[in-house]
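**Q** Here it is, the structure in full.
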Amino acid sequence: MKKIIIAIDGYSSSGKSTMARDLAHRIGYVYVDSGAMYRAVTLYALRHGMVSDGKVDKDALIAALPEISVSFTPAGSDGVQHTLLNGEDVEKEIRSMEVSGMVSPVAVIPEVRHHLVALQRSFGEARGIVMDGRDIGTTVFPDAEMKVFVDASPEVRAERRVKELKEKGEDVDFGAVLANIKERDYIDTHREESPLTKAVDATVLDNDNMTIPQQMDWLMNLYEHTIHDK
Ligand code: DC
């Protein structure tokens, strides 16, 4: 069967990573979490003293880009993969509030985006890939055969994020998480380079009132139709 490229874009904490990973697992595709790549570069900047007073030293980070490689471990039997920063497993560190708080300013730097977009395109060369992010259907793979734009209200997304972080043992305040989500939405949709926007040919999935199994059915349905039409 013909392998396609599936692009899943949407707001932060809209549940797109979970659904993209589950879809890839179910149809035997490779899954790439592009947000994890921006998070890994942010962790690199934090660890190398390139952030002070909430500001990123852009020149230092741009100069270091050739030394920054981001990759993923192969998916386990449950479809879960870990993010590697220069070969080191940083899956846990990149999900911290510290990284979440700095990732948007890092992701607005055009050179960082070019570096990661080139890597993302190389992952898609063999097709048979599900990639989630903000600009996958618009910039990384404008020719993707299936494009989904995931939408959900900031409050619902904050609730889900608090639950997820609590399950991981991080004690967080709902207000702080909601503020972080709203701030990231603003930066993601207002940046000059590849702002978060729905591709004209993307199908919208509003998952405010949907369970994970319902979303999966919705996605599988769209996938079957897309493959059928090819
Ligand atoms: O999906 P996420 O919350 O893990 O993404 C982290 C940040 O990375 C998010 O604030 C915006 C940025 N990002 C991006 O600019 N482009 C992408 N393709 C993916 C993520």
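**Q** Working with all protein chains in place, sort Ile62, Ile8 by solvent-accessible area computed with a 1.4 Å probe, largest first.
**A** Sorted by accessible area, descending: Ile62, Ile8.
**Q** In Å, what Rg and Dmax follow from the Cα atoms of the chain?
**A** Here Rg and the maximum Cα pair distance are 16.9, 52 Å.
**Q** Ordering Ser34, Ser52, Ser13 by how much accessible area each has at a 1.4 Å probe, largest first, what is the list?
**A** These residues rank, largest area first, as Ser52, Ser13, Ser34.
**Q** Shifting gears a bit: Leaving out ligands and nucleic acids, and using a 1.4 Å probe, what accessible area per residue does the chain come to in Å²?
**A** 47 Å²
**Q** Let me ask another. Taking the full set of protein chains and a 1.4 angstrom probe, give the accessible area of Tyr38 in square angstrom, rounded to the nearest 10.
**A** Using a 1.4 Å probe on the heavy atoms, I get roughly 20 Å².
**Q** Give me the orientation-averaged projected area of the Cα convex hull of the range 151-230, in nm², one decimal.
**A** Taking the Cα atoms of the range 151-230, their convex hull projects to 7.1 nm² on average.
**Q** Could I ask something else about it? With just the Cα atoms defining each centre, how far is the range 38-83 from the range 153-230? Give it in Å.
**A** The range 38-83 and the range 153-230 have Cα centres spaced 22 Å from each other.
**Q** With everything on Cα atoms, drop me the angle between helix 34-47 and the longest principal axis of the chain, reported from 0 to 90° to the nearest 10.
**A** 10 degrees
**Q** Write down the Kirkwood hydrodynamic radius of the range 108-176, to one decimal in angstroms, obtained as one divided by the mean of 1/r over all alpha carbon pairs.
**A** 14.7 Å
**Q** Now for a different question. Between Lys92 and Asp143, how many nm apart are label points set 7 Å from Cα along the C-beta direction?
**A** Each label point is offset 7 Å from its Cα along the Cβ direction, giving 4.3 nm.
**Q** Continuing with the same structure: Hey, for a label at Ser52 modelled as a point 7 Å past Cα toward Cβ, could you say which residues of the range 76-118 have their backbone N under 20 Å away?
**A** Answer for this model: 99, 102-103, 105-106.
**Q** Between helix 97-107 and the chain, what is the angle of the helix's C-alpha long axis to the longest principal axis, kept within 0 to 90° and rounded to the nearest 10?
**A** Compared with the principal axis, the helix lies near 80 degrees.
The values are calculated or read from the model by the stated rules, or taken from the named source; none is laboratory data. Predicted model only: the values in this text are computed from it and were never measured. Heads up, the Cβs are rebuilt from the backbone with ideal geometry, glycines too, and the neighbour counts pull from every protein chain shown. Protein only, heavy atoms only, side chains kept; ligands, DNA and RNA dropped before computing areas. Shrake-Rupley method; radii C 1.70, N 1.55, O 1.52, S 1.80 Å.
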